[in-house]
1. Can you find, within the stretch 206-249, the residue that is surrounded by the most Cβ atoms within 10 Å (Cβ to Cβ) among those that are in a loop (DSSP other than H, G, I, E, B) and of a type in the set (Phe, Trp, Tyr)?
2. Could you check the stretch 269-318 and list, in sequence order, the residues that are modelled with pLDDT under 95 and touching a Cys at 6+ places or on another chain (Cβ under 9 Å)?
3. Looking at (1) more than 23 Å from Asn109 (Cβ to Cβ); (2) at pLDDT 95 or above, which one does Asp34 not meet, given that it meets all the others?
4. If you scan the stretch 19-35, which residues turn out to be touching a helix residue (DSSP H, G or I) at 6+ places or on another chain (Cβ under 8 Å) and not β-branched (Val, Ile, Thr)?
5. I'd like to check something: does the stretch 264-281 contain any residue that is farther than 17 Å from Gln183 by Cα, of a type outside the set (A, V, I, L, M, F, W, C) and part of a loop (DSSP other than H, G, I, E, B)?
6. Restricting to the stretch 68-91, and then to whatever is within 20 Å of the chain's Cα centre (by Cα) and closer than 14 Å to Phe126 by Cα, can you tell me which residue is surrounded by the fewest Cβ atoms within 10 Å (Cβ to Cβ)?
7. For residues that are aliphatic (A, V, I, L, M), crowded, with 24+ Cβ neighbours inside 10 Å and touching a Ser or Thr at 6+ places or on another chain (Cβ under 8 Å), tally how many sit in the stretch 253-285.
8. With Phe201, Phe234, Phe222 as the choices, which residue is closer than 21 Å to Ala165 by Cβ, touching a helix residue (DSSP H, G or I) at 6+ places or on another chain (Cβ under 7 Å) and among the aromatic types (Phe, Trp, Tyr)?
Amino acid sequence: METIKFGKSEVVANPLGLGTNAVGGYNLFHQLADEDGKQLVEAAIACGINLLDTAYVYGLGHSEELVGQVIKNHRREDLVVATKGAHDFSTGEEVINNDPAFLRQQVENSLKRLQTDYLDIYYIHFPDHDTPKAEAVGALQRLREEGKIRAIGVSNFSLAQIKAANVDGYVDVVEDEFSLLHQDHLNDGMLNYLHDNQISFVPYFPLASGLLTGKYDHLVTFPNDDIRSQIADFKEPRFSQVRQAVDQIRPIANAHQATVAQVVLAWYLTNPLISAVIPGAKRAAQVEANAKAMELQLSKTEYQTIEQAFQGFQNTTSGKSLKDPD
């Protein structure tokens, strides 16, 4: 597939990346092994995935450390490394902090953990309540001028917050939840604003906790301590509606000798409002399978069939937990 450019920056990547919350994210997932995480990243790079998306809060820096251990064995200029910060634990409690001085220190800390001289994309992971958004982004712009970051992003910002952050035109990319099951940004004006202002959009949770892989049937159940038992997507009648929509993808997958997940990822890659997609994974085999979506070309009819199958989910409000696994 063709590469994509992020916003008005010079950062260019292949459009299918790797979300690394299961690489060292021991505070998000149980029973993670460091070597497995590093193998995930190595597998991604070997498959032509050069966009690696991590964050401080994934293991409180441990994900960045593991990604850093891998990328130092590769040509840095061949990789696009994105990370995020905003979580402040200095008081002993979790606080979201967008203060310019705090963000600057977060960038410096991320550079050390990732063992790199620059970050291709740095996102403000969540907005705080007090910091003017233009001031927070202005701090990142100064870091860009110093050569420490190449593109500026914001994540989990509302449309109003994005507009405030972009008052000087510095924002290159927005990362937020969006999937065939959670399409509210089609109707709230966000995607239109991003398109009109040359801001790239990168959705997370594209496979909706595995629901869009087609692996669940009507017999599946989840224990109370499994977060999926608390998510509306897995509760009736919505769960059945999701499976019925997914079933309409299966003939397309069969025609391409592909999996449902690969077809879903190909739909995102074909969508003109989406710049890149960053599915997560826990096993190298999942990464290798996801990468094949970049080779899959959907026809206009196939694209529209998928779009119509999920038409009823366009008004679904997002807001799932970040601990929710893909």
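1. The selected residue is Tyr216.
2. Within the stretch 269-318, no residue meets the criteria.
3. (1)
4. Asn21, Ala22, Gly24, Gly25, Tyr26, Asp34
5. Taking every residue of the stretch 264-281 in turn, none turns out to be farther than 17 Å from Gln183 by Cα, of a type outside the set (A, V, I, L, M, F, W, C) and part of a loop (DSSP other than H, G, I, E, B).
6. His87
7. Residues meeting the conditions: 3.
8. Phe201
The values are calculated or read from the model by the stated rules, or taken from the named source; none is laboratory data. Just so it is clear, the structure is predicted and the values come from calculations on it, not from any experiment. Cβ coordinates were reconstructed from backbone atoms using ideal geometry, including for glycine residues, and neighbour counts include every protein chain displayed.
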